[in-house]
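Single-structure report; data block below.
Taken together, the values in this text are just the output of simple stated rules run on the coordinates, not laboratory data. Note that this is a predicted model, so its numbers are computed, not measured. Cβ: placed from backbone, ideal geometry, glycine included. Neighbour counts: every protein chain shown.
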Amino acid sequence: MEYTTLAAVDLGSNSFHLAIGRVVDDQIYPLDAIKETVRLGAGLGPDKRLDAPTQERALAALGRFAERLAGMHPESVRVVGTNTLRVARNSDEFLRAAEAVVGFPIEVISGREEARLIYSGVVHSLPLTDRNRLVVDIGGGSTELIIGVRLKPKVMESLYMGCVSYTRRFFPEGRIDKKSMKAAELAAREQVQTIVSRFEKTGWREAVASSGSARSLSEAMVASGVAERGITAGGLEWLREQALSAGDIRKLDLPGLREERLPVFVGGLAIMSAVFAELSLKQMTLAEGALRQGVLWDLLGRVHHRDIREVTVDQFVRRYHVDQVQSQRVGRLARDLFHQLEPVLDEKGAGERIFLDWACRLHEIGISIAQGAYHKHTAYILANADMPGFSRQEQGWLSNLVLSQRGRLSKMREVFDDDPALATLAVCLRLAVILHRSRRTLRLPPLRLGRRGKGFRLEVDGDWLAKNTLVAIALEAERGEWDSVGMSFEAVEAP
């Protein structure tokens, strides 16, 4: 049986998460999400038993989840428990009560299974690559580290250290001093040292962090101006100094640090600092995906062998009823013009060509809203829609490209100044749209597009232009449009 809606519940040691996704073809689109800060790991006593107040808090959160899950088929919902439920001596007792409240079975997954699902959730939120990725996820009670390529994890490990457990262990009264910070970092480094050799032997080209601890560290760095994005070694050192200067968790006042993360922030900081030190990392990017998204993909039960972004583009083409004959006309010409400008492509250029192709396929989706100013509607959709596999930065780039396909170019001046490569793609798309404005199959004359200084020069047959006056007028108008962004354009008769 196929389901149009799937749900995943992650009973983490710090927070409980509910994620609901809508299934369209072989893609999952986020539909709803609920987070409850339960701090389950903080309820573990010295005897490794969950105390009653924590259990009550957890059951209350699950009761709220149950309201949202009501009516869903049991096979369309998966509930997983992580580290705290792995180690709690009375977890069986709690699980019976929890299952009665939430209405679905709860699986307590192993550390390796948690790592596998985290990797799936992370890579499904990123463009696929043939290079190894290191994924690090600091949870409340454990930290998962995975190296994989494309959708396949190669090396997975789960270490018994988390932001909740380390904050309780090394900063029990909230006090922060050099001794406690050093002890926390050394303990974490000892854990990481056990996997360093195996991970370095496999190797990676990109490091990615996921989940709440990583996000809170990045948000504090970026808001404080010590990092542009993600997590950096320098930013971690700066945060460490700020924590020591504050001397107490309750006095730690950092821009971008949300109040709900404050009680476990220092434990996460110590662990991430240890990971950076032992693996000789300089920076990490952030991923949107995490364990709950991995559980959703696992529920779907399908393995993707194409770039997830390609799957998303295909879905958008169908969803917005794109005139594919027209988009193919525009795409063929735009690609040919791009090849004339960039005959030899490096990896960056190859990536730009892919984006140009996606822009051509999607450049008219805004017509589904209104024909007038459709390029603006298209740009808005691509900037704001859920597009699995695309980062927000990539969506912004695609949005700006389709926005530049027609109309006044002056709106793009700042964008082109920041990213000249976008101007190259834009001229190819604009010219292809102009030359195929009739939406008929035309026998185009030979076209030669080249660079001329800080601008472009198009050679086209004069007799053909004389017979296609609307195109000739539009090409003449391009001169002024490119002038408005500080670039030149001229269309001349071919010799």
(message) Can you find, among Pro446, Phe456, Gln393, the residue sitting farthest towards the positive end of the charge dipole of segment 308-493, where Lys and Arg contribute +1 and Asp and Glu -1 at Cβ?
(response) Pro446
(request) Evaluate the distance, in nm, between pseudo-label points positioned 7 Å from the Cα of Leu186 and of Asp483 along their respective Cα→Cβ axes. (result) 7.2 nm
(message) How tilted is helix 420-435 with respect to the longest principal axis of the chain? Cα atoms for both, answer in degrees (0 to 90, nearest 10).
(response) 50 degrees
(message) Can you compute the modelled spin-label distance between Leu244 and Thr129, with each label point 7 Å from Cα toward Cβ, in nm?
(response) 3.3 nm
(message) Please list, in order along segment 282-296, the HN-Hα scalar couplings obtained from phi with the Karplus expression 6.51 cos²θ - 1.76 cosθ + 1.60 (θ = phi - 60°), rounded to whole Hz, x for Gly and Pro.
(response) 10, 7, 9, 8, 10, 10, 6, x, 7, 4, 4, 5, x, 5, 4
(message) With N set to the number of residues, divide the alpha-carbon radius of gyration of segment 126-287 by 2.2 N^0.38 Å and report two decimals.
(response) 0.99
(request) Could you size up the charge dipole of segment 308-493 around its Cα centre, putting +1 on the beta carbon of Lys and Arg and -1 on that of Asp and Glu, and report it in debye to the nearest 20? (result) 520 debye
(request) Apply the Debye scattering formula to the chain, with a single equal point scatterer on each alpha-carbon and no solvent, then give log10 I(q)/I(0) at q = 0.06, 0.12 Å⁻¹. (result) -0.35, -1.07
(request) Would you list, by chain and number, the lysines whose Cα falls below 19 Å from the Cα of Lys282, excluding same-chain residues fewer than 8 positions away? (result) Lys201
(request) Rounding to the nearest 20 debye, state how big the charge dipole of the chain is about its Cα centre with +1 on each Lys and Arg Cβ and -1 on each Asp and Glu Cβ. (result) 280 debye
(message) Net charge around Trp464, counting only other residues with Cβ within less than 12 Å of its Cβ (Lys, Arg = +1; Asp, Glu = -1)?
(response) -2
(request) Could you please state, rounded to a whole Å, how far the C-alpha centre of segment 17-87 is from the C-alpha centre of segment 444-465? (result) 60 Å
(request) Enter the mean projected area of the convex hull around the alpha-carbon atoms of segment 308-493, in nm², rounded to one decimal. (result) 10.1 nm²
(message) Show me the ranking of peptides 321-334, 191-204 by mean Cβ neighbours inside 10 Å, starting with the highest.
(response) 321-334, 191-204
(message) Check which residues have an amide H placed less than 5 Å from Ala209's amide H, if you skip close sequence neighbours.
(response) Val136, Thr285, Leu286, Ala287
(message) Nearest 10 degrees is fine. How inclined is helix 233-246 to the longest principal axis of the chain, computing both from alpha carbons?
(response) 40 degrees
(message) To test your reading of the geometry: what angle, between 0 and 90 degrees and rounded to tens, separates the Cα axis of helix 211-224 from the longest principal axis of the chain?
(response) 70 degrees
(request) Would you please put 252-259, 224-231, 395-402, 55-62 in order of how densely packed they are, using the mean number of other Cβ atoms within 10 angstrom per residue and starting with the highest? (result) 395-402, 55-62, 224-231, 252-259
(message) With a cut-off of 8 Å between alpha carbons and a minimum separation of six or more residues, what is the relative contact order of the chain in percent?
(response) 13 percent
(request) Just order 469-479, 141-151 by mean Cβ neighbour count inside 10 Å, highest at the front, would you? (result) 141-151, 469-479
(message) Just to be sure I understand: if I project the alpha-carbon convex hull of segment 340-443 onto a plane and average over all orientations, what area do I get in nm²?
(response) 7.5 nm²
